[in-house]
Amino acid sequence: MTRLDLTRSPRALALLRSRWPQFLLRAITLAGFIFTILAGLMGSVVGSHNFAIIFVWIAWWTALKLAFIPFGGRSWCSICPIPMPGEWLQNGGILQPRGSMGIGLGKRWPKVLRGTWIQAGGFLLIGLFGALTLTSAKITAIVLLFILVLALALSLVFERRSFCNYLCPIGGFSGLYAQAGPVELRVKDTDICAAHIEKTCYTACPWGQYPLALKSSANCGLCMECLRVCPSENIAVNLRPWGSDLGPKTKHRIDEAFLGLVMLASALVDSAIFLGPWGQLKSAAYNIGSPDWFLFAGAFLITALGILPGLYVGATWAANRFGSTNASLRKSLAHYSQVLVPLGLMVWIAFTISFAFVKFGYVLPVVTDPLGWGWNLLGLTKSAGVGETTSFSLVLQVAMLTVGLFWSSRVALRISETIRQAAPLIAFSSLFTMAMLWLLVG
Amino acid sequence: MPMESLPYKTTPTNWKRWAWVIPYAGLALLILFIPLPLPFHAPQDRLLRIEASSFQFTPGEIQINPGDRVTIELVSTDVVHGFSLDAYGFELKADPGQTATGTFIADQAGVFRFRCSVACGNLHPFMIGKLQIGPNLLFFRGIALGLLAISAALISVRNVSRGTT
Ligand SMILES: [Cu+2]
């Protein structure tokens, strides 16, 4: 398959190799993160006037799904501020490679807690409490602060980026969809790595990956540490066709299926709550602890843990029966999880277009008046309009859903032996796409 | 364990394999944008009474026909709420207990969201209703596009198995 290795451009290589450009970006995101927490705690309680709400839930969340992931895979992880303080302590310095200098117990993450299960659980929590978090600057700030402290504490107990690898829901989200993204880090010449005894790249990797063994972009955070310590300049950063990690021979685990299904359920439920005309559903999702909320939570969990997985298991079971090999159902559930990746990615993009385009008008006013205290730092007119869905945005949403169905059907066909075998998975994707179509433009 | 082939080794993309994209893209644009005749209904005068409360409109989903002359009576049952209709630039504002009235001609067909335009509380940005004017053509176009997408997937994969990869 075609690849374009960025490190062959001396200028790009210099930018990736130096720790400074990345540090500057990280310093900016960390400062922004802390400012967001402060704005959330001290600023206006009117969500749409508070920097914290608008920047986290409109600007960043949109940028992640419309830019970072579809054009850069896990590129956000490369500049994410959350693990930074802990990592600096672990490394014993800010511009330091991983080594023995830092502090921390460096314990290994427990085996039973590995995989993306907890990340999926975190995403379920976002869904269950999202309506409140999304509208309350204070709670958004408290959640961000909690995450920052948790990541710091974990990095002092466990080795490397255990928080990112096993707990961070956004890490799970980015990793899952990075498999469809157009960026990958791989070794250039496998023989050079095989002959290299010290494996400095593995020692340096905050993610615990061994570049020679990288087959998927799901678990590589694109931090470039391996590229910096490799004595043979043997690390490539490739631009590649979208969807390169999805195919008949790539390896996938069953927890990826679960994560993919949780993401689909979240997109469905968020669309119903935030874009639908059902006021009672909104109030139920918002009034946490009320009887209505328990009804909502039950319905959400039944969708995420019952209905969607049920349909997926059914489709996989049928596909399995149409196949010639007697693969176990468990194996097939993992194998066909690849279909959920492009489907979920495009559905989230469509949802984001619907959700965020309307609210972009809020962004400039909170830049000029971040705390909602009536400042006008940039001298702009400050009132945000109501916002509206344009016919362009609607057509774009339909187009994104169409691409998602095409792409997931194509993956289903490529990883099946026959069309008949792919048909149940295509039916699953169609059903889900139609539900989203109805929620977004119905 | 066998090593995978070198990832930075490049083979030129076989663009012929993707030749089907052009007619399919044309067909997709046609499905999305081709004007379709709407069933004709004699325009009516409609009086719609919409109750706004935190954070919903009742009724939240309304269907009318293109060409109808619509008079909205917006009643707020708690705090001040607004009513702003996408694409129409039509706006009302109702004080609690008072009725705000406005009229417009439904000259654009499709499904339009209406939103509260006065900050009324935490869920205000999501206080939304739906006004459907005529049949929802975009939804049906979307379904036709979905079928097209599946057939495109079939074609693309058939070309893969005949192609070089
Ligand atoms: Cu309102």
Which one of A:Lys282, A:Lys111, A:Lys249 has the biggest mean-square fluctuation once chain A is modelled by GNM with Cα springs under 10 Å?
-> A:Lys111
Have a look at segment A:414-442 and report residues whose accessible surface goes down by 30 Å² or more when the remaining protein chains are included, against the chain on its own, probe 1.4 Å, ligands and DNA/RNA excluded.
-> A:Met434, A:Leu437, A:Trp438, A:Val441, A:Gly442
Label-to-label distance, nm, for residues given as A:Ala299 and A:Leu15 (7 Å Cα→Cβ offset) = 4.7
What is the spin-label model distance, in nm, from A:Phe35 to B:Asp45 if the labels are put 7 Å beyond Cα along the C-beta direction?
-> 5.7
List the accessible area buried at the contact between A and B, summed over both sides and calculated with a 1.4 Å probe, in Å² to the nearest 100.
-> 4500
If you line up the long axis of helix B:137-162 against the longest principal axis of chain B, both from Cα atoms, how many degrees apart are they, to the nearest 10?
-> 10
Between B:Thr101 and B:Thr71, what length comes free when the chain is fully extended (0.36 nm per residue of separation minus the Cα-Cα distance, one decimal in nm)?
-> 10.1 nm
Radius 15 Å from Cβ of B:Gly89, net charge of other residues (Lys, Arg +1; Asp, Glu -1) = -1
Surrounding charge for A:Cys230, neighbours by C-beta under 13 angstrom, Lys/Arg +1, Asp/Glu -1, total +1
Cα-centred dipole magnitude for segment A:1-134, charges only on beta-carbon of K, R (+1) and D, E (-1), debye, nearest 20 = 600
Magnitude of the Cβ-charge dipole of chain A, K/R +1 and D/E -1, about the Cα centre, nearest 20 debye?
-> 860
Once the Cβ-Cβ distance between A:His196 and A:Arg330 is put in as r, and R0 is 22 Å, what FRET efficiency do you end up with, to the nearest 0.05?
-> 0.05
Most fluctuating residue of A:Ser332, A:Ser244, A:Ser290 in a GNM of chain A with Cα springs under 10 Å: which is it?
-> A:Ser290
Hey, in the protein assembly as shown, which Cys have no second cysteine's beta-carbon closer than 4.7 Å?
-> A:Cys77, A:Cys80, A:Cys164, A:Cys168, A:Cys193, A:Cys205, A:Cys220, A:Cys223, A:Cys230, B:Cys116, B:Cys120
Taking R0 as 25 Å, what's the FRET efficiency between A:Asp292 and B:Gln63 from their Cβ-Cβ distance, rounded to 0.05?
-> 0.35
Charge dipole of chain A built from unit charges on the beta carbon (Lys, Arg +1; Asp, Glu -1), centred at mean Cα; most positive-end Cα among A:Thr325, A:Leu134, A:Leu311 is A:Thr325
Using a 10 angstrom cutoff on alpha carbons, build the Gaussian network for chain B and name the most mobile of B:Val70, B:Val80, B:Val21.
-> B:Val21
With the dipole of segment A:238-348 defined by +1 on each Lys or Arg Cβ and -1 on each Asp or Glu Cβ, the option from A:Phe294, A:Ser271, A:Gly260 whose Cα lies farthest towards the positive pole is A:Gly260
Considering only DSSP beta bridges with both partners in chain A, what is the antiparallel share in %, to the nearest 5?
-> 90
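Would you mind getting the accessible area per residue of segment A:21-163, heavy atoms of the protein chains only, 1.4 Å probe, in Å²?
On the way: 6080 Å² over 143 residues.
Dividing the accessible area of segment A:21-163 by its residue count gives 43 Å².
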Helix B:21-33 versus the longest principal axis of chain B: what angle, 0 to 90°, nearest 10, using Cα atoms?
-> 10
Which net charge results for the neighbourhood of B:Ala52, defined as the other residues with beta-carbon distances under 15 angstrom from its beta-carbon, given Lys and Arg at +1 and Asp and Glu at -1?
-> 0
Solvent-accessible area, 1.4 Å probe, carbon plus sulfur percent, for the protein assembly as shown = 67
Give the long-range amide H neighbours of B:Val79: residues separated by 5 or more places, or on another chain, with amide H under 5 Å away, using H modelled in the peptide plane at 1.01 Å from N.
-> B:Ser54
Taking the Cα-to-Cβ direction at A:Ile142 and at A:Thr203 and moving 7 Å from each Cα, how far apart do the two end points lie in nm?
-> 4.5
Take the Cα pairs of the protein assembly as shown, get the Kirkwood Rh, then feed it into Stokes-Einstein at 25 °C and 0.890 mPa s and tell me D in µm²/s.
-> 94
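The values are calculated or read from the model by the stated rules, or taken from the named source; none is laboratory data. All of these numbers come straight from a predicted model, not from anything done at the bench. In this analysis, Cβ positions are derived from the backbone assuming ideal geometry, glycine residues included, and neighbour counts consider all displayed protein chains. Note: areas computed on protein heavy atoms with side chains; ligands, DNA, RNA excluded. Shrake-Rupley method; radii C 1.70, N 1.55, O 1.52, S 1.80 Å.
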